[in-house]
Amino acid sequence: MIALALTNARRAIVDRKGVTAAEYAVLATGIVAAVAAGILVLKPLLEAKLGGLVS
């Protein structure tokens with residue numbers, strides 16, 4: 001019983017696939033938030049510069 005618990009603990013320490021996926025998810029969320037913030041900040045400037053081209 002103890003040997004099985006130790007074996008499972010070793011596997012959990014070595015297996016980092018779930019942790020890596022979570023790290024990528026956090027990184028992707030940060031990138032999406034940065035892009036969205038950039039669009040919101042630049043939107044008025046782009047509308048002012050490009051507004052004359054449309055009409």
Legend entry - Charged-residue dipole, Cβ positions (Lys, Arg, Asp, Glu), the chain about Cα centre, Debye nearest 20: 180
Inset, instruction - Order by neighbour count: I2, I39, fewest other Cβ atoms within 10 Å first, most last. - result: I2, I39
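Give the whole-number value, in cubic angstrom per residue, of the convex hull volume spanned by the C-alpha atoms of the chain.
84
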Inset, instruction - Kindly express, to the nearest 10 degrees and within the range 0 to 90, the angle between helix 2-14's C-alpha long axis and the longest C-alpha principal axis of the chain. - result: 30
Inset, instruction - Any chance you could give the angle, 0 to 90 degrees and rounded to 10, that helix 17-54 forms with the longest Cα principal axis of the chain? - result: 0
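A short reminder: the numbers here are calculations on the coordinates, not readings from a lab. From a predicted model like this one, the values you see are computed outputs, not experimental measurements. No Cβ is skipped: glycine too gets one built from the backbone with ideal geometry, and neighbour counts run over all protein chains shown.
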